[in-house]
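Below is one structure; the comments refer to it alone.
The values are calculated or read from the model by the stated rules, or taken from the named source; none is laboratory data. Here the structure is a predicted model, which is why all the values come from computation and not from measurement. Methodologically, a virtual Cβ is constructed for each residue, glycine included, from the backbone with ideal geometry; neighbour enumeration extends over all protein chains shown. Please note that ligands, DNA and RNA were not included when accessible areas were found on the heavy atoms of the full protein model with its side chains. Shrake-Rupley method; radii C 1.70, N 1.55, O 1.52, S 1.80 Å.
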Amino acid sequence: MILIKKIDVYLLRNFLGLFTATFFIAIFILLMQFMWMHVNDLVGKGIGIGVLSEFFIYATASVIPLALPLAILLSSLIAFGNLAEKFELTAMKAAGISLFRIMRPLAVTVALLSVGAFFFSNNVLPKSQMKLWALIFSLRQKSPELEIPVGEFYDEISGYHIYVHGKTPKGELLNIMIYDYSGGFENAKVMVADTGRMAASTDKRYLVLNLYNGESFENLNQKQQRATGSTKSIPYRRETFTHKQILIDFATDFNRYDESILNDQHVSKNVAQLIHSIDSVHVVSLERSAEQSTQLVTARYFGREQRSGIILPEKLTKEEHKIYNLDTLWASLDDAKKRQVYTLAEERARTYRDQIEYNALLLEDSQRYIRKHEIELHRKFTLAFACLIFFFIGAPLGAIIRKGGLGAPVVISVIMFIIYYIIDNAGYKMAREALWPCWAGMWLSSFVLLPVGIFLTYKAATDSPLLNPEVWSIKTKRLLNRLKRNK
C-alpha cells in the first residue's frame, strides 16, 4: 500500500497552487489569441451579453486541451526551480531521497491530469466544438449593427453606399447621399435628401428609410427604354420628392444555425465515432476504387481493336497469333486508315485521361475526409501525452537551472512551447496534405520532445551541471587555451 507522506503533501501543495495559477493564465492568453482570430465575427454585430458569454464559454473549452500542457510545463519548472533555488532539493537528496522519488507524487498527479485531458477531449470537447462553430456560423450570417458614421461612406448594407453629413440629437440624418447598386452598376441610382430617418421593420427583416426634400437620379438602359416605348436617347431619369420611403432587405435579427449540420464533422465526434466514420468511408473508398478499376479495364481496355477500326477473328490459333501482331496489323493499313487510327487513339487517350482525373477527384474527397478524421483521432491522444512529456521536461529543467519565480522559467517555458507548437503544426500540415501518414505527422512533436525529456531527467538525476554558466565558462576557457597551444 502506497502511503502519502508529508513530503508528498508539501510537493503537491506547491505544485497544484502554481498549476492552478498558470493554467488560468494560459487559458487567458490562448483565449485572447482565439478572440483575435474571430474579432470580425463579433465586433459591430450588436449581439447581446448572453451570446457573448456563450461564445466565451465554448471558446474557453476549446483552448483547454492546449492550455493544459503549457500550464504543466510552466508550473513544474517553477516548482522545481523554487526547490532548487532554496536548496530544498539539495536537502532532500542529502537525506537519501532520489529525484525520481521526489518527482513520483507529481508524476502520478500529472498522469491523472493526462487521463482527465483525454476524457475531456473525447466527451466534452466535441459537444463544445459543435456548439462553438454553429454559433460562429450564425454570427457570420448576422447583419452588422446599423450605425451609420458621419462624414464617410457606409457600405455594410449590401448594394448601397450611404453618406451622411451630420446627425441631430434626435437621430435625424442630415444631407444624405445614397448610391444604390442593388440592381447592378448599369442600373445605378443616386439619391440626395436634406433629411431622413432610418429604422428597422417590426419583423427585423427590412430596413425602412424615409427621405425628405430630395432628388433621385436613375440611369435608363435599353430595357427601360423599350418598356416605356421611347425612341430617344435618355441618359437618366430625374425625380423630385418631398417624401420618399425605401424598403431595404437587411435582416438584423440573430438566427442560430442548426447544430445538426455539424454532426458529420470531425470536430464533433468522439473516438468511437471517429473510428466508425473512418472504417465506413474507407470501405466505400475501396469499393469505389475497385469499381473504377473494373470499369477502366472492361469498358476502356478490352475491345480496343474494334474501336480502332481493326477487326480480328474471335478465336486465333497459335499460328494466327504470330501473324496478327501489332507490327503486322499496322503495316497492313493504308495511309488514310493510319491517320484514322492516329486520330481515334489520340481522342481515346484524352478521354481516358479525363476519366482518370475525374475518378482521382472522387477518391480524393473520401481520402481527405478520412485524413481529417484520423488527424482528429490522433490529436485526442497526442495532447494528453504532451502533458506527461512537458512534465518530464519542466521538472528536471527546473532542478538544473535552479531558478524559480516568473523570470527565467517563463522565458524557457515559452521557448519550449513555441518549439513544440512549430513542430506539431508542421506535422499537422504534413498529415493534412497527405505528405506523411497521419499518425507520423500528429505524433511528430512527441517523437521529438520525448528524447529531450528523457535526457533532461537523466541529467537532473545525475546532478549534471548542464545549464550552469560557470561550468560552460570554464570549458570555453580550456578550449581556447588548447587552441592557443596548438598554434
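Some notes on this structure:
- Neighbours by Cβ (under 9 Å, 6+ apart or cross-chain): first from region 257-283, closer than 15 Å to Ser366 by Cβ and without any contact (Cβ under 8 Å) to a residue 24 or more places away in the chain; second in a helix (DSSP H, G or I) and open to solvent by less than 20 Å² (accessible area, probe 1.4 Å): Asp264/Ser277
- Subset of region 313-354 that is aliphatic (A, V, I, L, M) and open to solvent by 80 Å² or more (accessible area, probe 1.4 Å) - its residue that is modelled with the lowest pLDDT: Ile323
- In region 232-290, residue modelled with the highest pLDDT [restricted to those that are assigned to a strand (DSSP E or B) and surrounded by 15 or more Cβ atoms within 10 Å (Cβ to Cβ)]: Lys244
- Applying the criterion of at least 3 residues that are modelled with pLDDT of 90 or more to the helices (runs of 4 or more DSSP H) found wholly in region 370-487 leaves 408-432, 438-442, 444-461.
- Filtering region 425-446 to residues that are open to solvent by less than 30 Å² (accessible area, probe 1.4 Å) and either closer than 14 Å to Leu74 by Cβ or free of Cβ contacts under 8 Å to residues at least 60 places away in the same chain (or both) leaves Gly427, Ala440.
- Residues of region 38-77 satisfying the condition of being in contact with a Leu (Cβ under 9 Å, 6 or more places away or on another chain), of a type in the set (S, T, N, Q) and more than 30 Å from Thr382 (Cβ to Cβ): none
- Among residues of region 41-56 that are at pLDDT below 75 and among the β-branched types (Val, Ile, Thr), those with a beta-carbon under 7 Å from a residue that is outside any helix (DSSP H, G or I) and open to solvent by less than 50 Å² (accessible area, probe 1.4 Å) at least six positions away or on a different chain give the pairs Ile47/Phe254.
- Qualifying positions in region 198-225 - at pLDDT 85 or above and open to solvent by 50 Å² or more (accessible area, probe 1.4 Å): Tyr212, Asn213
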